[in-house]
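The values are calculated or read from the model by the stated rules, or taken from the named source; none is laboratory data. Only a predicted model underlies this, so the values are computations on that prediction, with no experimental measurement involved. Every residue, glycine as well, gets a Cβ built from its backbone with ideal geometry; the counts of neighbours run over all protein chains shown.
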Amino acid sequence: MNKLKIQKLATALTVVSTLLLMAGGQAFASFQTINQNTGFASQNDGTATVTDAFASLNQNAQVIANVGDGTVATGGSMVSDNTMPGSVASGVVALDGSFSNNTNTNTLNQTGSFISDPLAENNTTGANSANNSTTTLNETIGASNTNAADVGSAITADAVSGNNLISNNTGAGTLGTGDVNGALGADTVANNNFLTLTATGTGTANNSAMNTITGFGSANDSVVAVNNAIAAENDNTANVANDLFATLSSGGNIISDNTGAVNASTGDVAGVTNVSSNVNSNTTAVTMSGNPTITSSNGTTGANSVNNAEADVAQTVGVTNSNTATVANAVTNTTESGGNLVSGNTGAAALQTGNASDSTTISNGTIAAPSNTNSTTIGMGSGGTSVTAANSTTGSGSTNNIDANLATGVTSENTNAMTVGNSVTSHTDTGGNTISNNTGSTGGGSSSVSTGDASSATSISNSVNTNTTAVTMNPAATVSSTNTTTGANSVNDSAATVSNNVALSNTNTANITNTVTNTTESGGNVVSGNTTGGAVTTGSASLSFGATNTGNSNTTTVGQ
């Protein structure tokens, strides 16, 4: 007999209750539908339906465009055609430009509790009567978070203390350029979802459907159906593009055609660039707690009666996480203290260039917090849930059917797609100087060039696409179906079914391209055509670069 589809044409007593509880929360301490002391040949339908529904939708869309263009200069001076010595001293140059973006965060903590002690009962029913008692509990929690972020940062910076001209002065030429320091940065944090969904169970509550003391020849149906469903979905899309261009220079000076010796020195040049992106993170915790008791029973049934008792419990949890990210970083840096020209002066020339260094760091996610991260924890209770169907003391010639069913299903799907392109071009130069065609000497010295150290360091790290999933099933569920003290010629069917299904899917796709082009130079100097000879001393040149890629990691734990 299909208990859920029985229809009656006449009704002596009908109870229909439907509750819609928004935003969760316990509504009643007790909820009951009872057909009791029913009359001879009567038809009685008792139906209780409780629906507890919570739905949350969060959507964020953010477009950010940052553009910075800065020029800082103490150089670019010209001293020429004076009947006195020529002298230039340029000041220190400091440039600091950065953008920091933090956008699209959703935080949701939702707790919903089941109705306590629902009851559907047919009690002391009349002979030849038809009695239907049905209790249905539906709790649904749904949450959806969607983030879309498009972030673009562009910085162009020029910091100069050089590019000075000293020429055609009657007297010596003296040059001293200031240090140049530049720092550029772009930092992006986008698309974070923190989701906690809890369905607090009934604790020790009783959920019961029962037929008790049924009449001769009566038909009694008792059904309890409990359906608990939680669905969570997180979807993130991020597009990040950073383009940083910097020129830092204390060199590029010209000292020429002065009547006198030349003494020139250029300042140190240091460039630092930091670019970081950390996007698309989902942290989801779903808990079905509590240990309810669910009972369906036929007790003391009448002769020739038909009694059906069914207890069904269905618990489903579905979590879907999807992250898509495209990150493109381009850094072009030039740091220069060289490239100076000293020529045609009546006197020896001495040139000392400062050190030049460049440091570039790009990180897309970290080991501790990668980009495109899903952390999912699902707990299906602490144990102790009891589902029971029982026929007890059945009448002669009666038919008694009982079913006890517990079905638990968990589905978790994680999908990550990441495309990363990093391009770094760095040129560091303290050399490339020319001293030529200078006549004479000061103190007997020759024309000379001494260059500073040149160094470049590039570090790129990409940590992307990590899924961590932990599922804990209810470890101590009790499901029983029994026939006890059955009557003569009675038919008694008892069935118990338990099903646990866990389906987990993790998919990661990563495309990473790193391109690094670095040059460091302290040489390339020319000393020629000077009357008293020349000397060149170059500083050290060093270059280091490295790229670390970590991605596509799945950690899954299923236990009970």
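Values for this structure:
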| quantity | calculated |
| --- | --- |
| Test: residue in region 473-484 that is of a type in the set (A, V, I, L, M), at pLDDT below 85, crowded, with 16+ Cβ neighbours inside 10 Å and farther than 30 Å from Gly299 by Cβ | yes |
| Some residue of region 420-429 being in a strand (DSSP E or B), hydrophobic (A, V, I, L, M, F, W, C) and under 30 Å from Gly339 (Cβ atoms) | yes |
| Qualifying residue in region 215-223 (condition: surrounded by fewer than 22 Cβ atoms within 10 Å (Cβ to Cβ) and in contact with a strand residue (DSSP E or B) (Cβ under 6 Å, 6 or more places away or on another chain)) | no |
| Failed condition for Asp158, given (1) modelled with pLDDT of 90 or more; (2) buried (at least 24 other Cβ atoms within 10 Å of the Cβ) | (2) |
| Matching entry among Asn44, Asn102, Asn58, Asn35 (being buried (at least 17 other Cβ atoms within 10 Å of the Cβ) and either modelled with pLDDT of 90 or more or among the basic types (Lys, Arg) (or both)) | Asn58 |
| Matching residues, region 366-419, being more than 21 Å from Phe194 (Cβ to Cβ) and not in a strand (DSSP E or B) | Met380, Gly381, Ser382, Gly383, Gly384, Thr385, Thr393, Thr394, Gly395, Ser396, Gly397, Ser398 |
| Yes/no for Gly97 being more than 25 Å from Asn282 (Cβ to Cβ), over 33 Å from the mean Cα position of the chain (by Cα) and not charged (D, E, K, R) | no |
| Answer from Thr125, Thr135 - the residue that is crowded, with 24+ Cβ neighbours inside 10 Å and not in a strand (DSSP E or B) | Thr125 |
| Residue in region 431-459 that is modelled with the lowest pLDDT, counting only those that are outside any loop (DSSP other than H, G, I, E, B) and crowded, with 24+ Cβ neighbours inside 10 Å | Ser447 |
| Index of the failed condition, Gly24 passing every other in (1) surrounded by 15 or more Cβ atoms within 10 Å (Cβ to Cβ); (2) within 50 Å of the chain's Cα centre (by Cα); (3) modelled with pLDDT under 90; (4) part of a strand (DSSP E or B) | (4) |
| Evaluation of Gly339 against (1) assigned to a strand (DSSP E or B); (2) surrounded by fewer than 24 Cβ atoms within 10 Å (Cβ to Cβ); (3) in contact with an Asp or Glu (Cβ under 9 Å, 6 or more places away or on another chain) (one fails), failing number | (1) |
| Residues within region 236-277 that are surrounded by fewer than 24 Cβ atoms within 10 Å (Cβ to Cβ) and at negative phi, tallied | 17 |
| Residues of region 247-301 satisfying the condition of being closer than 30 Å to Asn147 by Cβ and either outside any strand (DSSP E or B) or of a type in the set (Ser, Thr, Tyr) (or both) | Thr273, Ser276, Ser277, Ser281, Thr283, Thr284, Thr287, Ser289 |
| Which listed residue, of Thr373, Thr366, Thr399, is under 30 Å from Asn298 (Cβ atoms) and touching a strand residue (DSSP E or B) at 6+ places or on another chain (Cβ under 6 Å) | Thr399 |
| Residues located in region 143-200, provided they are among the polar types (S, T, N, Q), closer than 20 Å to Ser90 by Cβ and in a strand (DSSP E or B) | Ser167, Thr174, Asn181 |
| Any hit, region 486-503, residues being surrounded by fewer than 16 Cβ atoms within 10 Å (Cβ to Cβ), more than 30 Å from Thr326 (Cβ to Cβ) and of a type in the set (D, E, K, R) | yes |
| Exclusive hit being within 13 Å of the chain's Cα centre (by Cα), under 27 Å from Val189 (Cα atoms) and of a type in the set (S, T, N, Q), set Thr366, Thr377, Thr361 | Thr366 |
| All positions within region 533-560 that are among the hydroxyl-bearing types (Ser, Thr, Tyr), farther than 16 Å from Ile362 by Cα and in contact with a strand residue (DSSP E or B) (Cβ under 7 Å, 6 or more places away or on another chain) | Thr537, Ser542, Ser553, Thr555, Thr556, Thr557 |
| Enumeration of residues in region 508-532 that are within 30 Å of Val331 (Cβ to Cβ), in contact with a strand residue (DSSP E or B) (Cβ under 6 Å, 6 or more places away or on another chain) and crowded, with 16+ Cβ neighbours inside 10 Å | Asn508, Ala510, Ile512, Asn514, Val516, Asn518, Thr520, Glu521, Ser522, Asn525 |
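Yes/no matrix, rows are residues, columns are (1) at positive phi; (2) not hydroxyl-bearing (Ser, Thr, Tyr):
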site	(1), (2)
Asn131	no, yes
Ser144	no, no
Ala149	no, yes
Gly152	no, yes
Leu165	no, yes
Thr188	no, no
Asn191	yes, yes
